[in-house]
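Heads up, the thing below is written out as structure tokens.
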Amino acid sequence: MTILSIGRARSILFQSLIRPSDVNKKYRFNILLAAAFVFLITCSIAGIPLSVSLEDFFSNGVYYGKQNTLFIGTPNKTKHLEILKAYYKLPGSASDMKWSLINRLVDEMFSNNHDGIQRKRLHFYGNDAVCSFKYLAKPDDPQFTFVVCFLVIQLICILLIVFSYIGIWVKTVRTSKPILKNSGTAVANDIKERNAALQRSIVMIIGTDFMLLGTLSYHQHSPCSRYY
């Protein structure tokens, strides 16, 4: 949406509108390249938190099942370290283990006679009743830096959309003033109605962006689990 907004603003503000007869292979290639870039960025943002090699930055805890009475609930890395230090008599300096090492130490604590220990990781998308993006992260969450960077990028995109459509609206109003002065009442009313419709569209586009972010933020603070 950001690229579309910038493209539309550029075509109107700098008078570079593309006529159907001007659409050539180079123009189509640029459109496909932009679409591929957006698709790649989207897949990267969605897939990075699921990478096993990056679990130290995104895993919030591990669920071992109801049968396990040592690791109750979904203990995070801090709780794991407390138990492992007590079990293996580890020094106090061992406070920054990777999840891969923690998994090996946990496996060695249990017998393999019954297929070992079962685990289910609480990853980035499993922190709430709705498997959506975790917009609000606490400073002690492992994915805090990733979430902050994503929100900054999202804010920049929203600002670009806002300024693009404001520029379109200003350009439309300025170019329509000479026409309003030299046209009849019917034409003037039609132009005013088009400007008003454009303004309403801009408000709806920008407003829905903020409403979506606000709604997701609200769900993070509300007990909405029973609704899903």
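Miscellaneous remarks
- Which listed residue, of Leu17, Leu32, Leu40, is modelled with pLDDT under 85, within 28 Å of Thr208 (Cα to Cα) and loosely packed, with under 14 Cβ neighbours inside 10 Å: Leu17
- Qualifying residue in region 67-74 (condition: within 30 Å of Val173 (Cα to Cα) and either modelled with pLDDT of 85 or more or part of a helix (DSSP H, G or I) (or both)): no
- Test: residue in region 137-146 that is assigned to a helix (DSSP H, G or I), modelled with pLDDT of 85 or more, within 30 Å of the chain's Cα centre (by Cα) and β-branched (Val, Ile, Thr): yes
- Qualifying residue in region 38-58 (condition: assigned to a strand (DSSP E or B), more than 18 Å from the chain's Cα centre (by Cα) and under 30 Å from Ser100 (Cα atoms)): no
- Candidates in region 52-82 are the residues that are closer than 17 Å to Arg121 by Cβ and among the β-branched types (Val, Ile, Thr); of these, the one that is most open to solvent (accessible area, probe 1.4 Å) is Ile72.
- Restricting attention to region 47-59, the residues that are at pLDDT below 85 and closer than 14 Å to Val147 by Cβ total 0.
The values are calculated or read from the model by the stated rules, or taken from the named source; none is laboratory data. What you see is a predicted model, and the numbers here were worked out from it, not measured in a lab. Quick reminder, even Gly has a Cβ in these numbers, built from the backbone with ideal geometry, and neighbours come from all protein chains shown. Accessible surface is based on the protein model in full, side chains and every heavy atom, while ligands, DNA and RNA are left aside. Shrake-Rupley method; radii C 1.70, N 1.55, O 1.52, S 1.80 Å.
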